[in-house]
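Shown next, in structure tokens, is the structure this report addresses.
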Amino acid sequence: MTNFKDLHVGIIGYGKIGKIRKDECSKIYPVAEFRISDPYVPNVKYYTPEEVVEWADIVFICATNDVNSKYTCMALEAGKHVFCEKPPARSYDDLLKVKDVYEKHSRLTLIYG
């Protein structure tokens, strides 16, 4: 069983949906540590997406559609579990890239949108 106090949860994009995901995860894993990546949110320590991916065990992608495929692939390639909030790509070619990376790394991946 996972020791939740050692669980590192990263959120890339901390707008409305990112905040909802953090609030809900905090209910399930109240002792987990979080890091947030969104430079536009006041009063939240900012980490780059790369820092979040490097540090986290689970990465929530709650960013804009134009960067979802990039961050989803980055997290999968780093061996992280990924939850992508919105469609993971803006084009068919980008979607194929996400699919290829997912198949190579076989991590728990949820695409929601």
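Observations
- With only the Cα atoms considered, the chain has a convex hull volume of 95 Å³ per residue.
- The stretch 1-82 - accessible surface per residue (Å², probe 1.4 Å): 55
- Heavy-atom surface analysis with a 1.4 Å probe gives the chain a carbon and sulfur content of 52 percent of its accessible area.
- Only helices enter this figure: runs of n ≥ 4 DSSP H residues, each worth -39500 (n - 2.57), summed and divided by the residues of the chain, yield -13000 deg cm²/dmol at 222 nm to the nearest 500.
- Ordered from highest to lowest accessible area with the whole protein assembly present and a 1.4 Å probe, ILE12, ILE58, ILE28 read as ILE28, ILE58, ILE12.
- Nonlocal Lys pairs with alpha-carbon distance under 18 Å, the chain (8 or more apart, or different chains): 22
- Shape category assigned to the stretch 54-103 from the gyration tensor of Cα positions, a/c cut at 1.5: oblate
- Springs between Cα atoms under 10 Å define the GNM used for the chain, and in it the highest mean-square fluctuation of PRO87, PRO49, PRO30 occurs at PRO30.
- Within a Gaussian network of the chain (alpha carbon springs, distance under 10 Å), most fluctuating of LYS70, LYS80, LYS45: LYS45
The values are calculated or read from the model by the stated rules, or taken from the named source; none is laboratory data. All values derive from a computational prediction rather than experimental measurement. For the accessible areas, the whole protein counts, side chains as well, though only heavy atoms, and no ligand, DNA or RNA atoms are used. Shrake-Rupley method; radii C 1.70, N 1.55, O 1.52, S 1.80 Å.
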